[in-house]
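What follows is a single structure, written as structure tokens, with notes after it.
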Amino acid sequence: MHDYTGKAGLITGAGSGIGRAIALAFAQAGGRVVVADIDSRGGEETVRLIHEAGGQASFQRCDVSLAADVEALINTVLANYGTLDFAINNAAVELEKTALTEVPEAIYDRIMAVNVKGVFFCLQEQIRQMARQGQGAIVNIASVNAHRPQYHQSVYTASKHAVLGLTRNAAIEAAAAGVRINAICPGAIETPMLEASLDQANLPRQDVIERMSLNGRFGRPHDIAQAALWLCSEDASFTYGHALAVDGGYLAR
Ligand SMILES: NC(=O)c1ccc[n+]([C@@H]2O[C@H](COP(=O)([O-])OP(=O)(O)OC[C@H]3O[C@@H](n4cnc5c(N)ncnc54)[C@H](O)[C@@H]3O)[C@@H](O)[C@H]2O)c1
């Protein structure tokens with residue numbers, strides 16, 4: 001059990017799925033959490049769930065593809081809680097429905113703006129603040145797509161390769177300032193994003209489970225949250241620039 005009492009941080013894309021589970025887990029471990037999302041309804045619901053469980057949280061609407069929103073987000077964390085000890089850059093979109101040859105430019109631009117530029121803006125602001133403090137830990141949520149392609153996800157796959165590139169480069173640059181940066185590569189995790197791709201693929205659910213995991217189930221958001229808690233903790237103090245697969249063994253096969 002990790003103890004985040006006295007610490008504070010933010011989770012982007014925390015209005016749904018994996019981000020919500022991570023926010024709940026940090027709050028349950030005693031951390032004060034700013035829930036950031038472009039979707040106010042989902043974000044407010046996450047805060048409600050945290051309060052209901054006795055935790056501390058507030059919501060900040062933020063489109064991570066906008067530098068001004070990300071700057072405002074960091075300012076909110078500092079105004080509310082006075083410190084930024086952990087940050088989970090989780091917000092992303094998976095908008096493709098076709099082969100690469102059919103992907104419209106606008107879809108390419110939006111995926112890259114949220115998944116890559118959003119992580120870039122977040123890293124810039126977070127590293128600046130954590131370097132001022134002399135400590136902090138950041139986790140970027142990538143994907144198994146950062147290692148292995150999937151049909152009809154060319155731009156998403158490229159964006160997740162870029163997230164690992166940003167993670168590793170930022171990790172070597174920020175280490176001297178006391179900031180540790182790592183990534184998690186989730187496999188198939190039961191969230192609205194996964195449900196949308198399953199609907200689109202129109203394949204029997206059990207076939208997808210067998211292809212995507214070694215233990216007969218999809219991953220749960222909780223599985224990713226536990227990895228994030230560990231990576232941001234002192235227990236992971238020798239871990240830098242790592243891409244931790246939490247994927248039911250998908251990449252091992
Ligand atoms: N679910 C999976 O199987 C899976 C697998 C690998 C990686 N991932 C990654 O995990 C992360 C979370 O995915 P999820 O499955 O929980 O997805 P989700 O769609 O359930 O949640 C994503 C959240 O991000 C928010 N968001 C979207 N654009 C945003 C923006 N511009 N600014 C701020 N917030 C924004 C959405 O409103 C939503 O609340 C993503 O980075 C995703 O790529 C998911």
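The values are calculated or read from the model by the stated rules, or taken from the named source; none is laboratory data. Bear in mind that the values here come from a model prediction, so they are computed numbers and not experimental data. Cβ: placed from backbone, ideal geometry, glycine included. Neighbour counts: every protein chain shown.
The table below lists the values:
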item	result
Residue within the range 62-82 that is near the ligand (Cβ under 9 Å from one of its atoms), of a type in the set (S, T, N, Q) and within 18 Å of A137 (Cβ to Cβ) present	no
Of residues in the range 88-129 being charged (D, E, K, R) and modelled with pLDDT of 95 or more, the one farthest from T157 (Cα to Cα)	R128
Search result, residues across the range 194-247 that are in contact (Cβ under 8 Å) with a residue 40 or more places away in the chain and among the polar types (S, T, N, Q)	S197, Q200, Q226, S233, S237, T239
Failed condition for Y151, given (1) touching a strand residue (DSSP E or B) at 6+ places or on another chain (Cβ under 7 Å); (2) away from the ligand (no atom under 12 Å from the Cβ)	(1)
Hey, G248 in contact with a strand residue (DSSP E or B) (Cβ under 9 Å, 6 or more places away or on another chain), at pLDDT 95 or above and part of a loop (DSSP other than H, G, I, E, B) or not	yes
Pairs where the first residue, in the range 1-26, is at positive phi and small (G, A, S) and the second is within 7 Å of the ligand (Cβ to nearest atom) and not in a loop (DSSP other than H, G, I, E, B), C-beta under 7 Å, 6+ apart	G13/G19; G13/D37; G17/P192; G17/M193; G17/P221
Candidates G31, G9, G43, G17 - the one that is within 12 Å of the ligand (Cβ to nearest atom) and either out of contact with any Pro (no Cβ under 7 Å at 6 or more places or on another chain) or β-branched (V, I, T) (or both)	G43
